[in-house]
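Nothing in this text is a laboratory measurement; each read-out follows from the coordinates by a stated rule. Predicted model only: the values in this text are computed from it and were never measured. Here the Cβ is made from the backbone with ideal geometry for all residues, glycine too, and neighbour counts use every protein chain on show.
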Amino acid sequence: MYNYIYQTVPGFFMLLYLVYAQECNITVHDHLSEKIKTANCSKRGFRGVPQTLPRDITVLDLSGNKIRRISNYSFENYSLLHNLSLAKNTLHIMEEHAFYGLTRLKFLNMADNILNLKYVYNEEIFLPLQNLINLDIRRNIPSQPTVDLYHYPDQAFTVLKKLEFLALDIAPNPIFGIGFQGLKNLKSLTFEFCFLKYLRGCTFENFSSNLDELKLSRCHLNFLEVEKNALVPFPKITKIHFEESCMHLKQALNILSPYNGKTIEILNLRGLNCPIFNNNEYPFSLKVTAGMMRYLKTVCVETLDLSDNGIVDFEENSLLSFDRPECLKHLYFKGNRFAFAYGRHMDELKTFFNKSVALKTFDYSYIPVRYKLYANDYRQYYGKDYHVSNNVIYLPRSLEKLVLGNVV
């Protein structure tokens with residue numbers, strides 16, 4: 001099938017070919033008028049980078065092996081690579097010239113290893129990767145760092161001028177130095193694992209102001225203290241994912257001031273009120289006020305997820321009050337504890353539906369066995385002065401999905 005082995009010692013080279021054929025699966029397919037040759041070497045038990053693969057491969061999958069070290073010049077035979085996966089190995093050492101020759105590489109995945117951010121990434125490591133656009137090194141810090149300040153190796157990353165996507169772990173008190181200013185084309189920033197304790201106005205100041213998407217998910221080991229100006233460095237962002245990060249909904253809503261009157265495609269604030277950090281200032285059982293919603297109400301938001309935030313009630317002109325309700329396409333209240341069974345709440349819901357002309361999804365469902373739901377949860381908020389509303393509700397004509405399961 002391949003003519004890359006010469007017959008100087010026939011028996012020896014024939015044996016080599018048979019072993020190689022069993023170890024890696026080589027496939028070729030067309031993509032956008034290009035021929036993509038893939039070497040699938042995943043889960044083969046490799047302890048190093050194989051050197052007998054075809055030199056013209058463009059995709060190399062080495063995920064799920066037992067590689068601990070990437071030595072100098074390990075990929076110099078594969079200069080045509082544009083996609084390389086080293087995910088789910090036991091990588092903890094990369095030598096200075098490990099990526100020598102990979103000038104065409106665009107996608108590099110080293111997630112799920114044990115690469116120490118502070119010590120592995122020297123200033124020379126990424127120099128060959130001038131065309132890299134996607135770098136995934138998340139899930140490499142197995143436990144919470146003990147140092148007070150965690151300085152990220154900004155001088156290693158600054159050479160990645162074309163990088164558009166970056167995924168990495170975040171320490172309790174991170175310092176992202178001026179080298180990250182070199183990532184001017186960065187559009188999407190993802191953090192995992194998340195050990196963050198402090199989200200300050202200066203935390204992201206050296207990242208590109210052109211960032212379009214921020215994912216800061218599952219920061220649930222520590223209560224996250226958030227400064228009001230934390231998102232000021234990202235004025236053009238359109239996708240924000242904070243799901244299951246214990247920052248409390250009050251803090252998350254309070255940092256949306258940079259987006260007054262702007263459009264946000266996705267605002268995922270699911271599960272921010274963590275019962276384990278319940279206190280008087282940031283209670284798990286929350287009544288949403290008009291003040292909390294003062295920034296969000298001005299935003300033209302298309303997908304809004306407020307699920308699992310312990311919401312038991314909302315003030316008049318708060319939770320359902322939007323300056324641009326026609327923007328909303330998907331709205332999720334799943335897993336909360338507030339009711340529309342009273343006059344004013346029902347009237348506000350009707351008004352909201354009447355104005356939400358583009359709404360496609362409305363999720364008002366929750367699983368009561370997840371909470372200790374007592375009668376006085378409602379009595380403390382609803383008095384006898386609430387009038388009885390007409391129970392007829394007209395849904396938006398645009399609605400495609402209505403979820404009301406497990407409503408008590």
Whole-Å distance, taken between Cα centres, linking the stretch 46-81 and the stretch 104-169: 19 Å
Apply 1/(1 + (r/R0)^6) to the Cβ-Cβ distance of Ser143 and Asp347, taking R0 = 45 Å, and write down the FRET efficiency to the nearest 0.05. 0.30
Lone cysteines in the chain, going by a 4.7 Å Cβ-Cβ cut-off? Cys202
Taking the Cα centre of the chain as origin, sum charge times position over the Cβ atoms of Lys and Arg (+1) and Asp and Glu (-1), and report the length of that vector in debye to the nearest 20. 500 debye
The helix 10-23 Cα axis meets the longest alpha-carbon principal axis of the chain at an angle in degrees, between 0 and 90 and rounded to 10, of 10 degrees
Helix 343-355 against the longest principal axis of the chain: what's the angle in degrees, Cα atoms only, rounded to the nearest 10? 50 degrees
Just want the ordering: Cys327, Cys219, Cys202, from fewest to most Cβ atoms lying within 10 Å of their own Cβ. Cys202, Cys327, Cys219
For the stretch 35-138, how many pairs of lysine residues have a Cα-Cα distance under 22 Å, where the two are 8 or more positions apart or belong to different chains? 7
Say the cut-off is 22 Å between C-alpha atoms; which of Lys236/Lys297; Lys197/Lys262; Lys161/Lys228; Lys162/Lys215 go over it? Lys197/Lys262; Lys161/Lys228
What is the log10 of I(q)/I(0) for the chain, computed with the Debye formula using one identical point scatterer on each Cα and no solvent, at q = 0.07, 0.08, 0.11, 0.12 Å⁻¹? -0.45, -0.56, -0.90, -0.99
